[in-house]
Structure formats: structure tokens, C-alpha cells
Amino acid sequence: MVNTLYLAKRIVVATLSVFVIASLVFGMTTALPGSAAEIILGTQQTPEAVEQIEQQMGLDRPLSERYVDYMVGMVTLDWGESLISGEPVTERVIPRLQRTLELAIVAMIMTIITAIPLGIVTASKRDTWIDNLLTGVSYVGISMPSFVSASLLLLLFTTGSLNWFPNGGYTPLTDGFFKWLHHLLLPAIALNFIVFSYVLRQTRSSMIETLESKFIRTARLKGVSERSVLFKHAMRNGLLPTVTVLALNFGWMMGSVVIVEEIFTYPGLGKLIVQAIHQRDLPVLQAAILVPTVTFITSNLLADIIYTLLDPRIELGEK
Amino acid sequence: MSQQTVRQASNQSDHLLSVDSLDVEFQVPDGSIQALRDVSLVLDQGETLGIAGESGSGKSTLALAIARYLDNNARVPNGTIEFKGRNMLEFTPRELAEVRGNQIAHVAQNASKALNPSMRVGAQIRESIELHQDVSDDEVRERVFDALDQVNIPDPEETVTRFPHELSGGQQQRVLIAMGLACNPELLILDEPTTGLDVTTQAKLLDLIKELKTGAEVGILLITHNLGVIAQIADRVNILYAGEMMEKGPVDDVFTSPSNPYTQALLATTPELNRTKELRPIPGGIPALGEIPNGCIFADRCDFATDECQTGDIDVEAVSDDHETRCVNWQTAVDNPIEAGDATERKSRPGDVILEGKGVVKHYDEGTFVENLLSDHKPVRAVQGVDLTVREGETVGLVGESGCGKSTLGRTMLSLHELTDGVIEYRGDDLASLSKAKRKEFHAECQIIFQDPDASLNPRKSVRECIERPLKLFTEQDEDERIARVDELLEQVNLSLDLKNKFPHELSGGQQQRVAIARAFAANPSLVVLDEPVSSLDVSVQASILKLLGELRDEYNTSYLLISHDMGVIQAICDRLAVMYLGKIIEYGTMSDVFAPPFHPYTRSLLSSIPTLDPHEEGNRIRLQGDVPSARNPPPGCSFQTRCPQKIGDVCETDEPELVETNQETDHCVACHLDESGTTKPLETPVEEL
């Protein structure tokens, strides 16, 4: 009962946020100067021609009417057609979303299997050379903007003597796992760069805090071996804050995806957004922004649920 | 010489535990801290040894040193720790892991933090057994239940599936002890096992430890700052001060004829029930242990100190066969002991009513509209209809176990919490409709001091700024006047003027509380609410703060509303007292009324739960069954009926008793269905005859 109540509450809040963001997206995209009509007409545009095409596209209707249409469309998953190519928006956005998600998930898995164990290592070997080295590296990672790390990776591993990876592009998973991964790995590493350091530092500091807590002393004084202290007693408690950080970072990664995709010419959602902005292709743009937003909100909701599963002290529904 | 060594060696191996001239030091950036110096003790099977002393005396360090669990920066330059004849200092990590939890069990203080929050308690006890005993799964299960049985956990099957936060404080402590007992250890180290628990819970835990003593052949090392606990439980006691053993001997001898000035001072500073003693604070404070001065470590605070005490080594001297003291003047001390005199009874002349609560109700967590719609959400009924008045020049106490709503009531009276129902009047005017000017006057006149000064003083404000703040807010004084007033206040609370520009974290707990008191008194308040003002402080600091509060009260004719769970503290300072249980006042009257029959059964059990300093006092203690019911779901009828040892029947379950006056002259009221013969029995009455 309490569980479902809590869930219902969270879902209501999440839905409300989506609604607010959808409205913001609508407001901002319609406020973009210029219109698709001008782009289509290119150099041949005359005010009359622009007006005529805008009329065909329905861009001359009152804002409120377009807003209602847009909202209804979003909810019913009828996202309209691209103003430029005329294809249904879903057909443009969904495959792109899928590719971006592939990239983000690979990057996330990479973070989980590298940053968390290394964070635990740095915590348990606190103040040794390995701790200093890893925290040092992560400091560099935090300070480097993603376009720098992505460009560096691209220069280093797609040209010259270390020409190990294709310099961009994408092949679908159906063409073979390794080929797929080969294209994906480098942009994923670039994305991973941004969140790796945060996750490592978060894991390290919360593990250190946990290892200094009284119940760890109790465990050691029970004669529990250092290994079990770390993995049985400390890990579950120490990784709780990391779960939240992972979820937040997943959203953040969806934001950085635009830059990384652009650099690696990866045909994902990010590139689509950039393209849609250039072309003032509002329906595509709106959907392409809204979809990752919903993903972000959903991943936060999921993190909260995982958190409560890990920590029995959080009683769902009560503060 | 060699013969002597041999004799000693064979002697030591007879003991379960023997610590000999142990030194422990901690390396810190600017030198080292000599935490323990020349500490020796022996403990035999089946014996309970109490280690007592103020905080900072090294008690917990000693306990952890014995379990060989010291921080990385600790060193043991000298001494031996022998457990069953084996020098533990030479144990390999493997040997240590075998002994820990198996033969030596360390039960840490503060059980809520010492249990793993994300493991079920059953699994935590189980782990100990699986680590050390080679037994089948079924047997492990059985032994988990046995251990829980041994600590009187009512429903072991249910409890093993719980997480620590789902248990009450007393039960958490029991689980922790059960974990210690799971492998039938030979040495049980109990570090402050009852600190932070309510007296009624403490009384039951002490019973449990007594039971363990008689049942098993276990040696118990009981570490506590509470001398009453030692007096009730231990066979022998060692008094520790600033890392040195000051006195050791059988509890009877040490408590009846303390032979060290420190022990005497400690006893004289401890509040005792049924004896209105004038608590004697110990002057000064525990020294920093960076550099150890020559001579006696206590000399600076000692009434008997002579020149001899300032120089040379102070050795341990024998008072009798098994009673030793580290003092050169112990004979003088025994002849003229430091004792607390009897307090002179205060004549309070209550004046006009300052603050009056009428039918005060405070609910927490009332739930949102949706919650109430979808579930039968119940609010926390922290205060349920309380009448309370505080007059000019009187000190009213508010006592009760944790969770009874006393702090909430105190804060609601100052309108720090919003009122759910009822009226609070400040000098006859409803607080809710005060004019702005009058409200400012109310805030200036009614101040509050909290339990934890560390948390209630702004860490970024200097002492001077902290004290000056109310002067700026509530008075028209210019800067010179304010600075003069700050100096005056610092003097009144016995703080050196040098501290003026220090920040709260640079002060000790006692000093911080003095600053908080100076701040509260700055604008000449007529009423100060004291919310557990001394409960986080050491007993000697506690006595000096209580003394200070008494002096300030006399000087400013201030009224206090003192909130405390500690009857000793209440007794030391209050004129009238209200006893609270589950959000209601169940007894009210002058101090002598409440501490003497007729008793409310709850007051009776509270009073009888408090351990006294007299080791011979057996008393017929009342043990309350179960825990305080949830304030979300208080029982019908009398709120105390679920635990009352004197429950008479259905009437208790259906009718809520009213506060009835038993003494018209002093306005003593008791809310109970019992007739006179039930409430007037003396405190010593055995439980069966109630």
C-alpha cells in the first residue's frame, strides 16, 4: 500500500515535470528566429513564398492552437512530420534515439565496471600510491571538457601509428557485435571520461566514510576478514550515494552526447538535434529534445526505486 | 629478581586478562598524545570489573587496546596485555581474528551506529557464529535464537528478520550484546552499554548484565562514566583519569571509603536521588595529554595537592590488600574526604504568570491531503492536551523518557513549533494575536538553551558575536555598552575574556554551553527554557553548569523551564516538576510532592529505576514491560496502561484519568485511577506488594 502510494506520488511528480519541460521546449523552439520555410526556399525566398509555405505547414496558426496540437501529439505519440523531409518524426527520432542509447549505455556500463571498482580500491588503499595516482587521474578527467577529450581521442586513435579505430560513423548491431562495438568504443570512452571521475570520487569518498563507521569496527571486532568487511559490510552501504550519482550522470551524459556525436560524426540523437536546429525543423527538434528529457526523468525515478531497495531504512512513502 | 619474574608470570597466567603497565600513545601532526600511561588491571573469570572516569580519561581507548583495535597512528611503547597467559601484543592478524568475536567480545557503545544498517540482525549474529564455530546450519539457527533468548528479546523469530532501525534503542543494545555472546566468549567488554538509553530501559539492561554475571563464567569489563551503574553491577572498580589509574579496589571499599581525591571529587559531583546534595564541581578540566607534567596528573584540580604532588613520580600505594590508590596524600584525603554538603532548600516566591499553556496539542506529520485520503495515515501525537504554567522566579521541571514529548512541549511553549490546538498566553495575552512590539518583547524575554551547544552556536560567529547578537536585536545599546555587557556576561558564566574572539569549535563542550547560557541571558530574559542543558556533558562539568544556572537564577530572578530525562538534574535545580508520558502530564507538583508518595505508578517506576551510588542498595526495582507505545497510535484509556505494574482493570483501558489534586496546598496532582492505598505505598515497596 505504502509502496504503491509512494510510486504513484513519484510518477505524478515525474509526469508534471515532463509537462513543464515539454511546454518550455515548445516555447523555446517556437521562439527561434527564422522558419523552415526560409530554409526550404533558400536563396529563392520571397515574403509571399515564405508565407505560402508557412501556411501549408500550419505555422501561421495561433500559438495557443499549435501548443495544444503539440501537447496532444506528444501524449498520443503522434509527433507529426518533419517540416523538411516530410517523413514522420517518429521515424526520424526513434532510430537515432536507439543509437544514442546504445552509445550511452555502453559508456555507462564502462563507467560501472571501471569507476566503481577503482573507487573501492582507492578507498581501501587510502593514501597509498595507487590511491594518489587514481585520484590524480580523475582530477584531470574532471577538469577536461568533453570536446577536448573527444578530440584528443579522435586524433590519437584514428590517425597515425595508433590507428586502431574507425574515425566515426556507426554500424548496426545486426552487422556483427564486434564491428558494432568497434565503432562505438571510442565515442563511449569519450563520454565515459566525463562521468568516470565523478563516479570514482563519489565511490571513494562514500566508501571511506563507510569504512570509518562504527558498524565496520563492530564487524572487524567480530573477527570478520578484511575482504568480507569490504564486500559484505561496507559495499552495500557505501555504494548507495553512487547510485544517485550514476543516475544523475546518465542524464548529464545524454546532454554531452550532442558534442561527442558531432565530433565522432555519430548518427545519433545529438546530431539530429544540431541538424534540426539548423533547419528550423521544429517537430523533429521538439521530439529530439523531449525524448532524452523523459529518459533522464525516468532514470532518476529508477534510481530512487533502486535506492530504496538497497537501503531498508528508507521507508517508501514516509519521510 | 628472576624468581620474582617467574612468580609474576605464573601469577598472571592465572588471570583471564591481565594488563600490565600499559602505555598507549597516538602520533599527531605536532607530537604525540599519551592517551594511556602505566595502566595495569587484572580480570578473572566470572568477575565484573568496572572502569570509570570522565570522558577523555581513556576508557574506550583501553577497551579497544585490549581488543587490539587501535588506529594506525597508535603505538604501544610499553606494557603487556595478556589474555589467558598469552601476550596479545604479539598476536598475528590471523590469531587476532580468531580471538575476536570468539573469545573476546567487544560490545560498542551507541548500538544504533554499531549495527550494520543494511543487514538483518539475524544475519549479523549468524555471521559471528559462522566465522568461529564449525557447526551445521540448523545449529547456527538455534544458537542465534539462544543468544537472543539470553538477552531477553521477546520474539526472536520475528526479531532476526528485522533491520536494526526497526528496533528500539534498548533492543538494538540487546542485539549487540547477543552478538557478543553468540560464541560464548570468555571476556566480554561492554563499552558504555547503557549510555543514551532511558532509565527504565537502562534498569532492565543492568538486570540482564547481572544475569549474565551469575549465569556464565564470563569475565566482564564494564566501561562507563556512570558511577551508579558501576555501583550496581561491578565487583571491582578501577577509576581512570587522564590516562592513569587513580584508584582500584572492590566496589564496596572504593564507594564507601574512596581513597583518592579524584574518586571523592567524582562522587561529590554526581547527583543522587533522595539526597539533596549540593553538587561540588571539580575545578578545572582534564589536561591535554600532549605533554605530561611532572608529578600527579590530578594535582592542578586537587584540594589536597602539596608541593610533593607537583614533582617526581607518583606511585601507586596500597590502602589495603586489594585496594590501591595513586596519591601521596591519600591518608589526609581519607581523613577529611571531599563530600557534597546538603543543599539548602531554595525558597522560591513565585510571582505573576509569565507563560501559560492551556490544552496545548502538537501533532507532527499530519499527512498530506492525498495521504489521508488513500491510507489511514496517523499523525504523531507528540503533545496531547497539556496545561502548564511558569511563574516569575520559579523553576519548573519537565521530566520523562525520550519520545514523551517534553522537548516538543518546551519548544511549542516558545512558539518555535506551530500549535496544533490550544492556547499559549504570554503574560495573559494569546501568543497567536500578539502585536508586533509585544511579540518582540516576548522573544527578548523568553530564551532557550539547547542540549547540544556545538550545534546551536553559529560556527562562523565568534564568542563575542554570539553573545552580542541578542543585544543588537533586543536592546538599544551602542557598541561600547554591548562590549561591556559581553565582558560582564563572560565573567558571570566564568569564562576567561581571552575566549572572546575564539570560535565555538575551539571551545570544550562545557565552555560552549557557558557561551550559550551567556547568550540566553544577554538581554535579561525573564524565562529561559533549558532543553537538556547538561545531558551531553560530563558529570563534573554538569555540576558546574547546574551551579552556574542556580547562581544566575538567583541574580536575575529568572524563571526556568528545565527539560530533562535525568531525575538527578531535575532534583538539583527545580522547584516544581511535571512528569510526562506519551504527550500528557501524569503527575505535577513541588519537588517534595513528586519525590514522595502519593506516586503515579509511572513516577514510581522512574524513580525506582535510577541506579544509586550505594553498592548495597538492592531495592525492589520496578521493571516496566515493553517499550513506550507509538505516539502515532497511543493506547485508549490511560496512556500508561500497557506497561503499568499497578493496573487495576478495565477502567484503565477505557477511561482516561484526569489530573486530580491530592494536596490542595501545594497543588500536587496525579492522573491515575488508583485509590489512595495504591499510590501512597512507599517507594521501597516490593513489586509484588504493589
Would you mind stating whether A:Ala49 is surrounded by 11 or more Cβ atoms within 10 Å (Cβ to Cβ), over 23 Å from A:Ile277 (Cβ atoms), without any contact (Cβ under 8 Å) to a residue 40 or more places away in the chain and not hydroxyl-bearing (Ser, Thr, Tyr)?
no
Would you confirm whether or not segment B:560-574 contains a residue that is modelled with pLDDT of 90 or more, crowded, with 19+ Cβ neighbours inside 10 Å and farther than 23 Å from B:Pro611 by Cα?
yes
Flag for B:Glu217 being more than 24 Å from B:Pro645 (Cα to Cα) and either over 25 Å from the mean Cα position of the chain (by Cα) or at pLDDT 85 or above (or both)
yes
Which of the residues spanning segment A:56-72 are farther than 15 Å from A:Ile289 by Cα and either touching a Cys at 6+ places or on another chain (Cβ under 9 Å) or in a helix (DSSP H, G or I) (or both)?
A:Gln56, A:Met57, A:Leu63, A:Ser64, A:Glu65, A:Arg66, A:Tyr67, A:Val68, A:Asp69, A:Val72
For segment A:33-55, how many residues are of a type in the set (Ser, Thr, Tyr) and out of contact with any helix residue (DSSP H, G or I) (no Cβ under 8 Å at 6 or more places or on another chain)?
2
Any idea which residue in segment B:105-129 is surrounded by the most Cβ atoms within 10 Å (Cβ to Cβ), counting only those that are part of a helix (DSSP H, G or I) and facing chain A (nearest Cβ under 7 Å)?
B:Ser128
Taking the criterion of being within 14 Å of chain B (Cβ to nearest Cβ) and either of a type in the set (A, V, I, L, M, F, W, C) or in a helix (DSSP H, G or I) (or both), would at least one residue in segment A:299-306 satisfy it?
yes
Identify, please: which residue in segment B:370-399 is hydroxyl-bearing (Ser, Thr, Tyr) and part of a strand (DSSP E or B) and is, among those, farthest from the other protein chains (Cβ to nearest Cβ)?
B:Thr395
Given B:Ile81, B:Ile33, B:Ile51, which one is among the aliphatic types (A, V, I, L, M), more than 29 Å from the chain's Cα centre (by Cα) and outside any helix (DSSP H, G or I)?
B:Ile81
Would it be correct to say that B:Ile297 is within 27 Å of B:Leu548 (Cα to Cα), at pLDDT below 90, in contact with an Asp or Glu (Cβ under 7 Å, 6 or more places away or on another chain) and part of a loop (DSSP other than H, G, I, E, B)?
no
Of the conditions (1) within 30 Å of B:Gln103 (Cα to Cα); (2) of a type in the set (A, V, I, L, M); (3) in contact (Cβ under 8 Å) with a residue 24 or more places away in the chain, A:Ala287 clears all except one; give me its number.
(1)
From the residues in segment B:156-166 that are within 12 Å of chain A (Cβ to nearest Cβ) and surrounded by fewer than 24 Cβ atoms within 10 Å (Cβ to Cβ), which one is farthest from the chain's Cα centre (by Cα)?
B:Thr161
Subset of segment A:196-216, residues part of a helix (DSSP H, G or I) and either of a type in the set (S, T, N, Q) or at the interface with chain B (Cβ under 10 Å from one of its Cβ atoms) (or both), comes to A:Ser197, A:Gln202, A:Thr203, A:Ser205, A:Ser206, A:Thr210, A:Lys214, A:Phe215, A:Ile216
Given the condition buried (at least 18 other Cβ atoms within 10 Å of the Cβ), more than 29 Å from the chain's Cα centre (by Cα) and more than 10 Å from every other protein chain (Cβ to nearest Cβ), answer yes or no: does some residue in segment A:238-257 qualify?
no
Looking for something surrounded by fewer than 19 Cβ atoms within 10 Å (Cβ to Cβ), at the interface with chain A (Cβ under 10 Å from one of its Cβ atoms) and among the acidic types (Asp, Glu) - is there at least one such residue anywhere in segment B:83-101?
yes
Can you name the helices (runs of 4 or more DSSP H) wholly within segment B:453-495 that have at least 1 residues being within 30 Å of the chain's Cα centre (by Cα) and farther than 13 Å from B:Ala516 by Cβ?
B:479-492
Does A:Ile189 satisfy being assigned to a helix (DSSP H, G or I) and either closer than 24 Å to A:Leu97 by Cβ or without any contact (Cβ under 8 Å) to a residue 24 or more places away in the chain (or both)?
yes
Just give me the residues in segment A:1-32 being more than 14 Å from every other protein chain (Cβ to nearest Cβ) and more than 18 Å from A:Pro283 (Cβ to Cβ), in sequence order.
A:Ala14, A:Thr15, A:Ser17, A:Phe19, A:Val20
Selection over segment B:629-682 where residues are aromatic (Phe, Trp, Tyr) and without any contact (Cβ under 8 Å) to a residue 24 or more places away in the chain yields a count of 0
Tell me which of these A:Glu261 doesn't satisfy, since it passes every other one: (1) more than 14 Å from every other protein chain (Cβ to nearest Cβ); (2) outside any helix (DSSP H, G or I).
(2)
Filtering segment B:308-360 down to residues that are of a type in the set (Lys, Arg) and at pLDDT 90 or above, which residue is nearest to the chain's Cα centre (by Cα)?
B:Arg326
Residue that is surrounded by the fewest Cβ atoms within 10 Å (Cβ to Cβ), among those in segment A:217-231 that are within 8 Å of chain B (Cβ to nearest Cβ) and not polar (S, T, N, Q):
A:Arg217
Answer yes if at least one residue in segment B:639-653 is modelled with pLDDT of 90 or more, within 19 Å of B:Arg576 (Cα to Cα) and either not assigned by TED's automatic domain parsing to the domain that holds B:Thr590 or not β-branched (Val, Ile, Thr) (or both), and no otherwise.
no
Apart from one, (1) farther than 22 Å from B:Gly405 by Cβ; (2) over 24 Å from the mean Cα position of the chain (by Cα); (3) not small (Gly, Ala, Ser) all hold for B:Gln641; the odd one out is (1)
Residue list for segment B:666-680, restricted to those being under 16 Å from B:Arg576 (Cα atoms) and at pLDDT 85 or above
B:Asp667, B:His668, B:Cys669, B:Val670
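Conditions (1) touching a helix residue (DSSP H, G or I) at 6+ places or on another chain (Cβ under 8 Å); (2) among the basic types (Lys, Arg); (3) not in a loop (DSSP other than H, G, I, E, B), marked per residue:
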residue	(1), (2), (3)
B:Thr612	yes, no, no
B:Arg623	yes, yes, no
B:Gly626	no, no, no
B:Ser630	no, no, no
B:Asn633	no, no, no
B:Phe640	yes, no, no
B:Cys652	no, no, yes
B:Glu656	no, no, no
Just wondering, is there one or more residues in segment B:62-70 that are out of contact with any Phe, Trp or Tyr (no Cβ under 6 Å at 6 or more places or on another chain), farther than 19 Å from B:Gly180 by Cβ and either surrounded by fewer than 19 Cβ atoms within 10 Å (Cβ to Cβ) or outside the structural domain of B:Met246 (by TED's automatic domain parsing) (or both)?
yes
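The values are calculated or read from the model by the stated rules, or taken from the named source; none is laboratory data. This structure is a prediction, so every number in the text was calculated from the model and none was measured. Because the Cβ atoms are built from the backbone with ideal geometry, glycine has one as well, and the counts that use them run over all protein chains shown.
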